[in-house]
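S.K.: Please read through the structure below; I'll follow up with questions.
The values are calculated or read from the model by the stated rules, or taken from the named source; none is laboratory data. None of these values were measured; they are calculated from a predicted model. Cβ placement follows ideal geometry from the backbone for every residue including glycine, while neighbour counts extend to all protein chains displayed. Ligands, DNA and RNA are stripped out before the accessible areas are found, and what is left, the full protein with its side chains, is counted by its heavy atoms. Shrake-Rupley method; radii C 1.70, N 1.55, O 1.52, S 1.80 Å.
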Amino acid sequence: MAERAPVRITGVHALSALGRGADAQLAGVLAGTPAFRPVGRFDTSARRVGVAATLADAGPLADELPEAVHTACAAAGLDTAGRAGAPLLLAAHGGT
């Protein structure tokens with residue numbers, strides 16, 4: 001069985017109710033910042049809950065994604081040529 005090369009995470013970016021970027025995530029977690037707030041993006045009157053962990057100024061995923069990828073690639077030190085051959089792990093949940 002061939003030995004696999006180790007995986008190295010060299011650049012990250014995250015967007016959550018705690019903010020944009022890895023620093024915002026870490027700061028929010030370490031400070032114990034509550035992430036759940038009243039939902040303002042849509043009417044929740046027909047729902048069982050009116051709070052969610054959302055970032056108030058988050059745009060549609062299609063608008064947020066390019067900046068997230070750019071930021072993670074910059075953190076990894078990848079130029080345009082390096083980005084072309086680099087694997088990308090993308091996880092998205094919710095949003096429109």
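S.K.: Run the accessible area of segment 14-96 with a 1.4 Å probe and give the carbon-and-sulfur part as a rounded percent.
M.R.: Numbers: 3750 of 6080 Å².
With neighbouring chains kept in place, the figure for segment 14-96 is 62 percent.
S.K.: Sum -39500 (n - 2.57) across every DSSP H segment of at least 4 residues in the chain, then divide by the residue count to get the 222 nm mean residue ellipticity, nearest 500.
M.R.: Theoretical 222 nm ellipticity from helices: -9500 deg cm²/dmol.
S.K.: Step through the residues of segment 19-25 one at a time and calculate ³J(HN,Hα) from phi using the Karplus curve (6.51 cos²θ - 1.76 cosθ + 1.60, θ = phi - 60°), rounding each to whole Hz and writing x for Gly and Pro.
M.R.: So the J values, rounded to whole Hz, are x, 9, x, 5, 4, 5, 5.
S.K.: Using +1 on the beta carbon of Lys and Arg, -1 on that of Asp and Glu, and nothing else charged, what's the dipole of the chain about the Cα centre, debye to 20?
M.R.: Dipole about the Cα centre, nearest 20: 320 debye.
S.K.: Given segment 1-65 reduced to its alpha-carbon atoms as identical point scatterers, what log10 I(q)/I(0) does the Debye formula return at q = 0.14, 0.19, 0.26 Å⁻¹?
M.R.: -0.58, -0.84, -1.15
S.K.: Further question on the same structure: Compare the Cα positions of G19, A92, G50 along the charge dipole of the chain (+1 at Cβ of Lys, Arg; -1 at Cβ of Asp, Glu; about the Cα centre) and return the one farthest towards the positive end.
M.R.: Highest projection toward the positive end goes to G50.
S.K.: Still on this structure: What's the long-distance tail for segment 20-96, i.e. % of Cα pairs beyond 15 Å? The partial results should precede the final answer.
M.R.: Details: 1989 of 2926 pairs.
Counting every Cα pair in segment 20-96, those more than 15 Å apart make up 68 percent.
S.K.: How large is ³J(HN,Hα) for each residue in segment 72-86, as worked out from phi by the Karplus curve 6.51 cos²θ - 1.76 cosθ + 1.60 (θ = phi - 60°), to whole Hz, x for Gly and Pro?
M.R.: Per residue, the Karplus-derived 3J(HN,Hα) values read 5, 5, 5, 5, 7, x, 8, 8, 4, 5, x, 5, 4, x, 8 Hz.
S.K.: Put V49, V39 in order of accessible area, largest first, 1.4 Å probe: what do you get?
M.R.: So the residues, ranked largest to smallest area, are V49, V39.
S.K.: What Kirkwood hydrodynamic radius do you get for segment 41-86 when you take the inverse of the mean 1/r over all pairs of distinct Cα atoms, in Å?
M.R.: About 13.5 Å for segment 41-86.
S.K.: Which order, highest average first, do 58-64, 19-25 follow once you tally other Cβ atoms within 10 Å for each residue and take the mean per peptide?
M.R.: Details: 58-64: 12.7, 19-25: 16.4.
Per-residue Cβ counts within 10 Å, averaged per peptide and sorted highest first, yield 19-25, 58-64.
S.K.: Using alpha carbons only, how many angstrom separate the centre of segment 1-45 from the centre of segment 54-96?
M.R.: 12 Å
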